[in-house]
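Trainee: Quick one: the structure is below, and I'll ask about it shortly.
The values are calculated or read from the model by the stated rules, or taken from the named source; none is laboratory data. Since we're looking at a predicted model, the values are computed, not measured. Every residue, glycine as well, gets a Cβ built from its backbone with ideal geometry; the counts of neighbours run over all protein chains shown. Accessible surface areas use protein heavy atoms only, side chains included; no ligands, DNA or RNA. Shrake-Rupley method; radii C 1.70, N 1.55, O 1.52, S 1.80 Å.
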Amino acid sequence: MLEVEPVIHNPVMPEEVILFLITNKKGLYVDATTGTGGHSKRILEALDSQGRLLSIDRDPLALSVAGSRCKDDRQILLKGRFSELGEIIHRNYQGEVDGVLFDLGVSMFQLKSPKRGFSFTSPERLDMRMDTEQGLDAYEVVNSYTEQALEELIRNYGEEPKSKRIARAIVERRKRKAIEYCSELSDLISSITGFHGRTHPATRTFQALRMEVNGEIKELRAGLEGALRGLKRGGRLCVISYHSLEDREVKKLFRESERASIVKIMTKKPIRPSEEEIRHNRASRSAKMRICERL
Ligand SMILES: C[S@@+](CC[C@H](N)C(=O)[O-])C[C@H]1O[C@@H](n2cnc3c(N)ncnc32)[C@H](O)[C@@H]1O
(Lines give C-alpha, C1' and ligand atoms only; values in the text may rest on other atoms or scores of the structure.)
Protein backbone atom coordinates (compact mmCIF):
# COMPACT_ATOMS: atom_id res chain seq x y z
CA MET A 1 0.00 0.00 0.00
CA LEU A 2 1.25 3.50 -0.83
CA GLU A 3 1.06 5.92 2.07
CA VAL A 4 1.42 9.07 -0.06
CA GLU A 5 0.11 10.28 -3.41
CA PRO A 6 2.25 8.46 -6.04
CA VAL A 7 4.60 10.45 -8.29
CA ILE A 8 3.52 9.81 -11.87
CA HIS A 9 6.29 9.30 -14.42
CA ASN A 10 6.10 11.44 -17.57
CA PRO A 11 6.32 9.15 -20.63
CA VAL A 12 9.25 10.03 -22.91
CA MET A 13 8.69 10.66 -26.66
CA PRO A 14 5.06 9.43 -26.45
CA GLU A 15 4.09 10.61 -29.96
CA GLU A 16 7.19 9.07 -31.51
CA VAL A 17 6.51 5.76 -29.71
CA ILE A 18 2.99 5.56 -31.11
CA LEU A 19 4.11 6.58 -34.59
CA PHE A 20 6.74 3.84 -34.85
CA LEU A 21 5.29 1.09 -32.67
CA ILE A 22 1.67 0.87 -33.81
CA THR A 23 1.33 -0.60 -37.28
CA ASN A 24 -2.05 -2.24 -36.71
CA LYS A 25 -4.80 -0.72 -34.56
CA LYS A 26 -6.32 -4.16 -34.01
CA GLY A 27 -2.97 -5.62 -33.07
CA LEU A 28 -1.42 -7.22 -29.98
CA TYR A 29 1.14 -5.11 -28.14
CA VAL A 30 3.43 -5.49 -25.14
CA ASP A 31 4.62 -2.67 -22.89
CA ALA A 32 7.55 -4.39 -21.16
CA THR A 33 8.21 -1.40 -18.87
CA THR A 34 4.79 -0.24 -17.77
CA GLY A 35 5.88 1.87 -14.78
CA THR A 36 2.95 4.08 -13.82
CA GLY A 37 1.36 3.46 -17.21
CA GLY A 38 2.17 6.58 -19.26
CA HIS A 39 3.08 4.78 -22.48
CA SER A 40 0.48 2.05 -21.88
CA LYS A 41 -2.27 4.67 -21.72
CA ARG A 42 -1.11 6.20 -25.03
CA ILE A 43 -0.94 2.79 -26.69
CA LEU A 44 -4.50 1.96 -25.58
CA GLU A 45 -5.71 5.31 -26.94
CA ALA A 46 -4.10 4.51 -30.30
CA LEU A 47 -5.66 1.02 -30.60
CA ASP A 48 -9.24 0.31 -31.61
CA SER A 49 -11.68 -1.91 -29.70
CA GLN A 50 -10.05 -5.13 -30.96
CA GLY A 51 -6.50 -4.14 -30.03
CA ARG A 52 -4.89 -5.75 -26.98
CA LEU A 53 -2.10 -4.66 -24.64
CA LEU A 54 -0.06 -6.70 -22.20
CA SER A 55 1.49 -4.32 -19.66
CA ILE A 56 4.40 -5.83 -17.75
CA ASP A 57 6.70 -4.55 -15.00
CA ARG A 58 8.79 -6.14 -12.28
CA ASP A 59 7.72 -3.43 -9.81
CA PRO A 60 4.44 -4.50 -8.16
CA LEU A 61 3.89 -1.03 -6.61
CA ALA A 62 4.21 0.73 -9.98
CA LEU A 63 1.88 -1.83 -11.57
CA SER A 64 -0.82 -1.17 -9.00
CA VAL A 65 -0.63 2.58 -9.75
CA ALA A 66 -0.79 1.83 -13.51
CA GLY A 67 -3.81 -0.39 -12.91
CA SER A 68 -5.69 2.33 -11.08
CA ARG A 69 -4.84 4.91 -13.78
CA CYS A 70 -5.94 2.95 -16.84
CA LYS A 71 -8.89 0.68 -16.28
CA ASP A 72 -9.42 -0.93 -19.65
CA ASP A 73 -10.58 -4.44 -20.48
CA ARG A 74 -8.29 -4.54 -23.54
CA GLN A 75 -5.32 -4.51 -21.17
CA ILE A 76 -3.74 -7.21 -19.00
CA LEU A 77 -1.33 -6.08 -16.25
CA LEU A 78 1.26 -8.61 -15.25
CA LYS A 79 4.19 -8.67 -12.85
CA GLY A 80 7.19 -10.07 -14.70
CA ARG A 81 10.81 -9.58 -15.63
CA PHE A 82 12.42 -9.03 -19.03
CA SER A 83 14.05 -12.45 -18.73
CA GLU A 84 10.56 -14.01 -18.57
CA LEU A 85 9.23 -12.05 -21.51
CA GLY A 86 9.69 -14.70 -24.22
CA GLU A 87 7.74 -17.18 -22.10
CA ILE A 88 5.07 -14.61 -21.12
CA ILE A 89 4.45 -13.65 -24.76
CA HIS A 90 4.32 -17.29 -25.77
CA ARG A 91 1.80 -18.08 -23.02
CA ASN A 92 -0.48 -15.08 -23.65
CA TYR A 93 -0.18 -14.43 -27.37
CA GLN A 94 1.41 -17.62 -28.79
CA GLY A 95 4.43 -15.58 -29.94
CA GLU A 96 2.53 -13.42 -32.43
CA VAL A 97 2.72 -9.81 -31.28
CA ASP A 98 2.71 -6.67 -33.41
CA GLY A 99 4.99 -4.61 -31.21
CA VAL A 100 7.00 -4.54 -27.99
CA LEU A 101 8.10 -1.41 -26.17
CA PHE A 102 10.99 -1.11 -23.71
CA ASP A 103 11.45 2.23 -21.93
CA LEU A 104 14.50 1.37 -19.87
CA GLY A 105 15.89 2.54 -16.55
CA VAL A 106 14.23 3.73 -13.42
CA SER A 107 10.97 5.71 -13.21
CA MET A 108 10.27 8.97 -11.38
CA PHE A 109 7.79 6.97 -9.34
CA GLN A 110 10.64 4.75 -8.10
CA LEU A 111 13.09 7.64 -7.64
CA LYS A 112 10.70 9.85 -5.72
CA SER A 113 8.59 7.38 -3.73
CA PRO A 114 9.54 7.08 -0.08
CA LYS A 115 11.47 4.03 1.14
CA ARG A 116 12.73 2.94 -2.29
CA GLY A 117 16.31 4.08 -1.56
CA PHE A 118 17.34 5.03 -5.14
CA SER A 119 18.17 8.69 -4.68
CA PHE A 120 21.57 9.82 -3.41
CA THR A 121 20.20 12.86 -1.62
CA SER A 122 17.65 10.89 0.38
CA PRO A 123 18.11 9.91 4.03
CA GLU A 124 16.60 6.48 3.25
CA ARG A 125 18.06 3.03 3.67
CA LEU A 126 20.03 1.85 0.63
CA ASP A 127 17.60 -0.34 -1.32
CA MET A 128 17.24 0.29 -5.12
CA ARG A 129 15.18 -2.84 -5.81
CA MET A 130 12.77 -2.35 -8.69
CA ASP A 131 11.06 -5.54 -7.61
CA THR A 132 10.29 -4.89 -3.95
CA GLU A 133 9.83 -8.64 -3.44
CA GLN A 134 13.38 -9.66 -4.47
CA GLY A 135 16.13 -10.44 -1.94
CA LEU A 136 19.33 -8.61 -3.00
CA ASP A 137 19.35 -4.87 -2.28
CA ALA A 138 21.92 -2.05 -2.39
CA TYR A 139 22.60 -2.33 1.36
CA GLU A 140 23.78 -5.90 0.87
CA VAL A 141 25.92 -5.03 -2.17
CA VAL A 142 27.60 -2.09 -0.39
CA ASN A 143 28.17 -3.93 2.86
CA SER A 144 29.06 -7.45 1.76
CA TYR A 145 30.77 -7.37 -1.66
CA THR A 146 34.57 -7.58 -1.66
CA GLU A 147 36.58 -4.46 -2.47
CA GLN A 148 37.50 -5.94 -5.84
CA ALA A 149 33.90 -6.77 -6.71
CA LEU A 150 32.80 -3.25 -5.73
CA GLU A 151 35.58 -1.69 -7.77
CA GLU A 152 34.68 -3.75 -10.83
CA LEU A 153 31.01 -3.01 -10.71
CA ILE A 154 31.54 0.73 -10.12
CA ARG A 155 33.98 0.79 -13.05
CA ASN A 156 31.97 -1.42 -15.42
CA TYR A 157 28.42 -0.29 -14.68
CA GLY A 158 29.14 3.29 -13.58
CA GLU A 159 32.06 4.00 -15.97
CA GLU A 160 33.49 5.79 -12.93
CA PRO A 161 37.20 6.66 -13.30
CA LYS A 162 37.60 6.88 -9.50
CA SER A 163 36.18 3.38 -8.90
CA LYS A 164 39.28 2.17 -7.04
CA ARG A 165 39.27 5.02 -4.51
CA ILE A 166 35.53 4.76 -4.00
CA ALA A 167 35.60 0.99 -3.41
CA ARG A 168 38.51 1.42 -0.96
CA ALA A 169 36.66 4.14 0.96
CA ILE A 170 33.49 2.01 1.20
CA VAL A 171 35.40 -0.96 2.59
CA GLU A 172 37.33 1.22 5.09
CA ARG A 173 34.15 2.92 6.32
CA ARG A 174 32.13 -0.26 6.77
CA LYS A 175 34.87 -1.77 8.98
CA ARG A 176 33.67 0.71 11.61
CA LYS A 177 29.95 0.65 10.89
CA ALA A 178 27.68 -0.64 8.13
CA ILE A 179 26.81 2.00 5.51
CA GLU A 180 23.07 2.16 5.84
CA TYR A 181 21.63 5.23 4.16
CA CYS A 182 21.77 6.70 0.64
CA SER A 183 22.95 10.10 1.87
CA GLU A 184 25.64 8.45 4.02
CA LEU A 185 27.10 6.75 0.94
CA SER A 186 26.86 9.83 -1.29
CA ASP A 187 28.48 12.03 1.41
CA LEU A 188 31.32 9.52 1.68
CA ILE A 189 31.84 9.61 -2.11
CA SER A 190 31.72 13.43 -2.24
CA SER A 191 34.23 13.64 0.60
CA ILE A 192 36.84 11.65 -1.32
CA THR A 193 36.23 12.82 -4.90
CA GLY A 194 35.19 16.45 -4.30
CA PHE A 195 32.29 18.19 -6.01
CA HIS A 196 33.11 19.37 -9.56
CA GLY A 197 30.62 20.61 -12.14
CA ARG A 198 26.89 20.10 -12.10
CA THR A 199 26.71 16.32 -11.78
CA HIS A 200 26.70 14.90 -8.26
CA PRO A 201 29.92 12.89 -7.66
CA ALA A 202 27.88 9.87 -6.51
CA THR A 203 25.82 9.67 -9.72
CA ARG A 204 27.95 7.02 -11.42
CA THR A 205 28.33 4.85 -8.32
CA PHE A 206 24.58 4.95 -7.69
CA GLN A 207 23.90 3.97 -11.30
CA ALA A 208 26.33 1.07 -10.92
CA LEU A 209 24.70 -0.15 -7.70
CA ARG A 210 21.24 0.06 -9.21
CA MET A 211 22.37 -1.93 -12.25
CA GLU A 212 23.93 -4.60 -10.04
CA VAL A 213 20.94 -4.90 -7.69
CA ASN A 214 18.53 -5.28 -10.61
CA GLY A 215 20.83 -7.30 -12.89
CA GLU A 216 19.99 -4.78 -15.57
CA ILE A 217 22.34 -5.71 -18.41
CA LYS A 218 21.65 -9.44 -18.18
CA GLU A 219 17.93 -8.73 -17.96
CA LEU A 220 18.06 -6.39 -20.95
CA ARG A 221 19.79 -8.92 -23.19
CA ALA A 222 17.33 -11.67 -22.25
CA GLY A 223 14.37 -9.32 -22.64
CA LEU A 224 15.31 -8.14 -26.13
CA GLU A 225 15.87 -11.71 -27.27
CA GLY A 226 12.54 -12.81 -25.80
CA ALA A 227 10.78 -9.89 -27.48
CA LEU A 228 12.29 -10.72 -30.88
CA ARG A 229 11.12 -14.33 -30.54
CA GLY A 230 7.61 -13.10 -29.77
CA LEU A 231 7.22 -10.70 -32.71
CA LYS A 232 5.37 -11.67 -35.82
CA ARG A 233 6.64 -10.72 -39.29
CA GLY A 234 6.41 -6.96 -39.64
CA GLY A 235 6.14 -6.58 -35.85
CA ARG A 236 8.27 -3.88 -34.27
CA LEU A 237 10.62 -3.64 -31.33
CA CYS A 238 11.01 -0.16 -29.93
CA VAL A 239 13.63 0.53 -27.24
CA ILE A 240 14.31 3.78 -25.38
CA SER A 241 17.61 3.82 -23.47
CA TYR A 242 19.13 6.45 -21.18
CA HIS A 243 22.84 5.71 -20.95
CA SER A 244 25.61 4.37 -23.13
CA LEU A 245 25.80 0.89 -21.55
CA GLU A 246 22.13 0.24 -22.29
CA ASP A 247 22.30 1.77 -25.75
CA ARG A 248 25.38 -0.29 -26.62
CA GLU A 249 23.52 -3.53 -25.79
CA VAL A 250 20.52 -2.49 -27.88
CA LYS A 251 22.69 -1.47 -30.84
CA LYS A 252 24.68 -4.71 -30.64
CA LEU A 253 21.63 -6.97 -30.58
CA PHE A 254 19.93 -5.03 -33.40
CA ARG A 255 23.05 -5.29 -35.58
CA GLU A 256 23.55 -9.01 -34.90
CA SER A 257 19.88 -9.66 -35.65
CA GLU A 258 20.04 -7.66 -38.87
CA ARG A 259 23.13 -9.59 -39.96
CA ALA A 260 21.26 -12.84 -39.28
CA SER A 261 18.32 -11.53 -41.40
CA ILE A 262 15.98 -11.61 -38.38
CA VAL A 263 15.20 -7.88 -38.41
CA LYS A 264 15.55 -4.72 -40.41
CA ILE A 265 16.80 -1.72 -38.43
CA MET A 266 14.49 1.28 -38.97
CA THR A 267 16.65 3.85 -37.20
CA LYS A 268 20.18 4.17 -38.58
CA LYS A 269 20.57 6.94 -36.02
CA PRO A 270 18.57 6.92 -32.78
CA ILE A 271 15.55 9.20 -32.41
CA ARG A 272 16.02 11.89 -29.75
CA PRO A 273 13.45 13.98 -27.86
CA SER A 274 12.74 17.46 -29.19
CA GLU A 275 14.21 20.56 -27.51
CA GLU A 276 10.71 21.36 -26.34
CA GLU A 277 10.23 17.98 -24.69
CA ILE A 278 13.60 18.30 -22.93
CA ARG A 279 12.58 21.75 -21.68
CA HIS A 280 9.41 20.32 -20.16
CA ASN A 281 10.87 17.02 -18.99
CA ARG A 282 14.58 17.16 -18.06
CA ALA A 283 14.60 13.41 -17.46
CA SER A 284 14.15 12.87 -21.21
CA ARG A 285 17.39 14.63 -22.16
CA SER A 286 19.56 11.53 -22.55
CA ALA A 287 16.89 9.35 -24.21
CA LYS A 288 17.68 7.48 -27.44
CA MET A 289 15.03 5.46 -29.22
CA ARG A 290 15.91 2.63 -31.62
CA ILE A 291 13.42 0.61 -33.62
CA CYS A 292 13.69 -2.57 -35.67
CA GLU A 293 11.16 -4.63 -37.61
CA ARG A 294 10.92 -8.42 -37.63
CA LEU A 295 11.51 -9.99 -41.04
C1 LIG B 1 11.47 4.39 -17.21
S2 LIG B 1 10.36 3.36 -16.36
C3 LIG B 1 9.02 3.20 -17.49
C4 LIG B 1 8.03 4.30 -17.44
C5 LIG B 1 6.80 4.08 -18.30
N6 LIG B 1 7.14 3.95 -19.69
C7 LIG B 1 5.78 5.17 -18.09
O8 LIG B 1 5.41 5.82 -19.08
O9 LIG B 1 5.33 5.36 -16.96
C10 LIG B 1 11.09 1.79 -16.46
C11 LIG B 1 10.29 0.69 -15.82
O12 LIG B 1 10.86 -0.54 -16.24
C13 LIG B 1 10.80 -1.46 -15.18
N14 LIG B 1 11.86 -2.45 -15.37
C15 LIG B 1 13.19 -2.23 -15.41
N16 LIG B 1 13.85 -3.39 -15.58
C17 LIG B 1 12.90 -4.36 -15.68
C18 LIG B 1 12.96 -5.76 -15.88
N19 LIG B 1 14.12 -6.41 -16.00
N20 LIG B 1 11.81 -6.44 -15.96
C21 LIG B 1 10.61 -5.80 -15.85
N22 LIG B 1 10.49 -4.46 -15.64
C23 LIG B 1 11.64 -3.75 -15.56
C24 LIG B 1 11.03 -0.61 -13.95
O25 LIG B 1 10.52 -1.25 -12.80
C26 LIG B 1 10.31 0.69 -14.31
O27 LIG B 1 9.01 0.71 -13.80
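Trainee: Determine if the range 60-76 includes at least one residue that is under 21 Å from TYR242 (Cα atoms) and within 15 Å of the ligand (Cβ to nearest atom).
Mentor: yes
Trainee: Considering HIS9, HIS39, which residue is modelled with pLDDT under 95 and either within 13 Å of the ligand (Cβ to nearest atom) or not hydroxyl-bearing (Ser, Thr, Tyr) (or both)?
Mentor: It is HIS9.
Trainee: Would you check which residues across the range 165-183 are assigned to a helix (DSSP H, G or I), over 17 Å from GLU152 (Cα atoms) and among the hydrophobic types (A, V, I, L, M, F, W, C) and list them?
Mentor: CYS182
Trainee: In the range 46-103, which residue that is of a type in the set (Phe, Trp, Tyr) and open to solvent by 10 Å² or more (accessible area, probe 1.4 Å) is nearest to GLY135 (Cα to Cα)? First the steps, then the outcome.
Mentor: Of the range 46-103, the ones of a type in the set (Phe, Trp, Tyr) are 82, 93, 102.
Within this subset, residues satisfying the condition of being open to solvent by 10 Å² or more (accessible area, probe 1.4 Å) are 82, 93.
Values: PHE82: 18, TYR93: 30 Å.
For the range 46-103, the residue satisfying everything is PHE82.
Trainee: Of the conditions (1) more than 16 Å from the ligand (Cβ to nearest atom); (2) open to solvent by 60 Å² or more (accessible area, probe 1.4 Å); (3) outside the structural domain of LEU47 (by TED's automatic domain parsing), LYS115 clears all except one; give me its number.
Mentor: Every listed condition holds for LYS115 apart from (1).
Trainee: Is there any pair linking a residue in the range 218-234 that is within 11 Å of the ligand (Cβ to nearest atom) to one that is open to solvent by less than 10 Å² (accessible area, probe 1.4 Å), with Cβ under 6 Å and at least six apart or on different chains, and which?
Mentor: Within 6 Å, the pairs are GLY223/LEU85; GLY226/LEU85.
Trainee: Is there a residue in the range 193-203 that is on the phi > 0 side of the Ramachandran plot and either open to solvent by 70 Å² or more (accessible area, probe 1.4 Å) or outside the structural domain of PHE20 (by TED's automatic domain parsing) (or both)?
Mentor: Yes, the range 193-203 has at least one match.
Trainee: Take the residues in the range 271-295 that are open to solvent by less than 50 Å² (accessible area, probe 1.4 Å) and more than 19 Å from SER244 (Cα to Cα); name whichever of them is modelled with the lowest pLDDT.
Mentor: If we take residues in the range 271-295 being open to solvent by less than 50 Å² (accessible area, probe 1.4 Å) and more than 19 Å from SER244 (Cα to Cα), then ASN281 is modelled with the lowest pLDDT.
Trainee: Does the range 208-259 hold any residues that are part of a helix (DSSP H, G or I), modelled with pLDDT of 95 or more, farther than 20 Å from ILE56 by Cβ and open to solvent by 40 Å² or more (accessible area, probe 1.4 Å), and which are they?
Mentor: GLU212, ARG248, LYS251, LYS252, ARG255, GLU256, GLU258, ARG259
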